[in-house]
Ligand SMILES: NC(=O)c1ccc[n+]([C@@H]2O[C@H](COP(=O)([O-])OP(=O)(O)OC[C@H]3O[C@@H](n4cnc5c(N)ncnc54)[C@H](OP(=O)(O)O)[C@@H]3O)[C@@H](O)[C@H]2O)c1
């Protein structure tokens, strides 16, 4: 059996540290073959203590020494500086995985001055509880072995869906930003319960469990949500009265438009970033 992969994760913040936890829990590699970086020495010490792995403050070039998979998890605007720092240490057989939103693989390649097997991942914040939804795209240098390895990293913190790179804009709009929409729904359901006299605790528990349970039923039955919705509706009942009110205010069409607008905004941010990095293009 081959040794587990050496993985370096650069920029272990919210998403990065959740991925590290998932990698360790799933046994994809061992703590001695996993290394991370953050910016501040205090955060490095705290994370190292929490996860039991080496965490460096900066020193990204040192961190990628011997790493087969290099995950870029800093904020998008820091990617050019990070690539400048590590590019001399990148060997041709390394696999890059970028989490940076709105940052195309083509721009990464241009900054590196070469091509490597590269993935772009768009996870979402529930990776923190092992229930993330990640959209993955990759370039033509990636092998089946690379796909299996990178997929296992994101499967350790949720589900993986493959898309063409251009579709990552829609993934960002649907699942990347999606938790915010669902939090708004939960928030409003709690407020509705409060208005009708339920206690804060009871309203919160009922709302969160309703969203969790409804999502689980969609997954486990494989039924279309419209079919599941119909099963809750009885003629002249309570649910249809509420559903009519939601339809009157355009809940579904508002969400469809929100995803359409967010997709366009993601494209716009990518164009803006490219202008900024390469004003003449
Ligand atoms: N949050 C989301 O929902 C989400 C979803 C999909 C994709 N993404 C992408 O994931 C990436 C990370 O997002 P995040 O929310 O996890 O950000 P974050 O919590 O701000 O984490 C960024 C991390 O980068 C570290 N850092 C900054 N400069 C560094 C340097 N020079 N060398 C090494 N580490 C450095 C920071 O260290 P310190 O902690 O010491 O400052 C911090 O730990 C972004 O590119 C974002 O576009 C985020």
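List every residue pair whose Cβ atoms lie under 8 Å apart, where the two residues are 6 or more positions apart in sequence or sit on different chains, the first residue falls within the stretch 55-77 and is not assigned by TED's automatic domain parsing to the domain that holds residue 127, and the second residue, located anywhere, is near the ligand (Cβ under 7 Å from one of its atoms) and assigned to a loop (DSSP other than H, G, I, E, B). Pairs that qualify, where the first residue is not assigned by TED's automatic domain parsing to the domain that holds residue 127 and the partner is near the ligand (Cβ under 7 Å from one of its atoms) and assigned to a loop (DSSP other than H, G, I, E, B): there are none. Of the residues making up the stretch 44-60, just one is more than 10 Å from the ligand (Cβ to nearest atom), in a loop (DSSP other than H, G, I, E, B) and surrounded by 14 or more Cβ atoms within 10 Å (Cβ to Cβ), namely 53. Scanning the stretch 66-86 for residues that are over 16 Å from residue 116 (Cβ atoms) and assigned to a loop (DSSP other than H, G, I, E, B) yields 73, 74, 75.
Entry remark, the stretch 83-115: residues being over 24 Å from residue 177 (Cβ atoms) and buried (at least 20 other Cβ atoms within 10 Å of the Cβ) number 4 in total. Looking only at the stretch 132-167, filter to residues that are within 23 Å of residue 261 (Cα to Cα) and in contact (Cβ under 8 Å) with a residue 60 or more places away in the chain; which one of those is farthest from the chain's Cα centre (by Cα)? Restricting to residues being within 23 Å of residue 261 (Cα to Cα) and in contact (Cβ under 8 Å) with a residue 60 or more places away in the chain, the top hit is 165. Of the residues making up the stretch 87-129, those that are near the ligand (Cβ under 10 Å from one of its atoms) and assigned to a loop (DSSP other than H, G, I, E, B) are 99, 100, 101, 102, 103, 123, 124. Go through the residues of the stretch 22-43 one by one and say whether even a single one is assigned to a helix (DSSP H, G or I) and within 8 Å of the ligand (Cβ to nearest atom). Yes, the stretch 22-43 has at least one match.
What do you reckon, is residue 63 more than 17 Å from residue 149 (Cα to Cα), over 18 Å from the mean Cα position of the chain (by Cα) and more than 7 Å from the ligand (Cβ to nearest atom)? In short, yes.
Taken as a whole, the condition of being at positive phi, within 14 Å of the ligand (Cβ to nearest atom), touching a strand residue (DSSP E or B) at 6+ places or on another chain (Cβ under 9 Å) and modelled with pLDDT of 90 or more does not apply to residue 132.
Of the residues making up the stretch 150-176, those that are surrounded by fewer than 19 Cβ atoms within 10 Å (Cβ to Cβ) and either assigned to a helix (DSSP H, G or I) or in the same structural domain as residue 219 (by TED's automatic domain parsing) (or both) are 151, 152, 155, 165, 166, 167. Entry remark, the stretch 134-151: residues being out of contact with any helix residue (DSSP H, G or I) (no Cβ under 7 Å at 6 or more places or on another chain) and within 18 Å of residue 15 (Cα to Cα) number 2 in total. Listed by first and then second residue, the pairs with beta-carbon distance under 8 Å, at least 6 apart or on different chains, first residue in the stretch 173-198 and modelled with pLDDT under 95, second within 13 Å of the ligand (Cβ to nearest atom) and in a helix (DSSP H, G or I), form an empty list. Considering only the stretch 199-218, I want to know if a residue exists there that is outside any helix (DSSP H, G or I) and surrounded by 15 or more Cβ atoms within 10 Å (Cβ to Cβ). No, because not a single residue in the stretch 199-218 is outside any helix (DSSP H, G or I) and surrounded by 15 or more Cβ atoms within 10 Å (Cβ to Cβ).
The values are calculated or read from the model by the stated rules, or taken from the named source; none is laboratory data. Quick caveat: nothing in here was measured; it's all calculated off a predicted structure. Every residue, glycine among them, receives a Cβ derived from its backbone with ideal geometry; neighbour counts consider all protein chains shown.
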